[in-house]
Structures are given as structure tokens and as C-alpha cells.
Amino acid sequence: MSAARRRLRGLDVSVTDARGRRIARGPAAGLATWLPGAAPSRARGSVAIALVSDRVMRTLNRRHRGVDRATDVLSFPADGGSLGDIAIAAGVAARQARAAGHAVSTELRVLALHGILHLLGYDHETDQGEMSRVEERLRRRAGLPGGLIGRARTGGSRPA
């Protein structure tokens, strides 16, 4: 899907490394074209996804949530035309992909979808299962395996 077509859908996604360089190869290469079609239709604006090291993620998690450990995904809502930013810990994502038995590219999609739901205001820690239901429906429609919230209930990764 071209950048123009992504914008017509209402969501413009960029994927970079921690230094802001666009990712054109590897497991994250197709994420920018996949997410607009998988996200809820009300997701509008631009989203910047950064793949960061576990060390950077630990710092972000400590600074913004007061939790001194690397987590898999963090979302930072924005005002105006930008929906916000999503940070994904590359090392955590790779380990979770191995544990789940699927490709890193699949794990990055699971994490990006989870992150965009947080940008839209969902909060699985306080919403009595609403985010879980929405994530499950979108995940199934996109052909993804179990989401983060479901894994957390069964002892897998803990969503942020």
C-alpha cells in the first residue's frame, strides 16, 4: 500500500530505528503498510513507531511508568494531527516471538496493534475487558495469533 493510499485510509504510519532512520528491511519492513489496514477505522492521523533497544525501553518505562524493566511496547498519545508514537523493544519482541513460536514480524504486528489501541484511549488495566475484546476481534480479522492481553492471562508476556 502506497503512502498516499495509507493516508486515504486515515492513518499514516512510519517505522524507524531508535535513531529515526526509516526501516526498509527485516521483520519490521512491512509494518507501515500493514497497520493501516489492521487498525480500527477510527484510527486517524500519523503514527511513528520506533524499534528501540531493551536498554532504551527500560529507561522509557522507568521514566513514564515508574517500572524499572524493559517492556515490549509503550504508547505515547499526541495532540493534533498526530495520533502518537509507539516504542517497541526489539529484543523483547524477538524473545516473545520465540516463546510464542512465530516470526518476529508477526510479534511486531501484535505489538503495533496493541500499541495503537492504547493511542486510541484503551487501557486493559482499567476497562473491564473492553480493550481485550477489541484487540481479539482486530487480531482475528488480521490473521494474527493470540494477543498480548490474552497471553498475560495465561502467564506469557505482560502488556504495558
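Readers should treat all values here as calculations from the given coordinates under stated rules, not as data from a laboratory. This structure is a prediction, so every number in the text was calculated from the model and none was measured. Glycine gets a Cβ as well: all are built from the backbone with ideal geometry, and neighbour counts include every protein chain shown.
Residues in region 118-123 carry Karplus couplings, in order, of 4, 4, 7, x, 6, 9 Hz; the curve used is 6.51 cos²θ - 1.76 cosθ + 1.60 with θ = phi - 60°, and Gly or Pro positions show x. Dividing the mean sequence gap of close Cα pairs (under 8 Å, 6+ apart) by how many residues the chain holds gives a relative contact order of 19 percent. Considering only Val47, Val15, Val56, the Gaussian network model of the chain with Cα springs below 10 Å gives its largest mean-square fluctuation to Val56. Net length available on complete extension from Arg42 to Ser105 is 20.3 nm, with 0.36 nm assigned per residue and the Cα-Cα distance removed. Only beta bridges with both residues in the chain are counted; by DSSP, about 30 percent of them are antiparallel.
About its Cα centre, the dipole of the chain is roughly 440 debye, where the only charges are +1 on Lys and Arg Cβ and -1 on Asp and Glu Cβ. Close amide-amide hydrogen proximity is noted between Val15 and Ile23, Ile49, each under 5 Å apart and 5 or more residues distant or on a separate chain (H modeled in the peptide plane; Pro and chain starts excluded). With a ≥ b ≥ c taken as the square roots of the eigenvalues of the C-alpha gyration tensor of region 3-153, please select rounded if a/c is under 1.5 and otherwise prolate if a/b is larger than b/c or oblate if it is not? Taking the square roots of the gyration eigenvalues as a ≥ b ≥ c, region 3-153 is rounded. Ignoring the sites themselves, what is the longest stretch of the chain with no trypsin sites (Lys or Arg not before Pro) in a DSSP loop and at most 13 other beta-carbon atoms within 10 Å? Between exposed loop sites, the widest span is 70-160. Legend: calculated FRET efficiency, Arg141 to Ala94, from the Cβ-Cβ distance at R0 = 35 Å, rounded to 0.05, equals 0.85.
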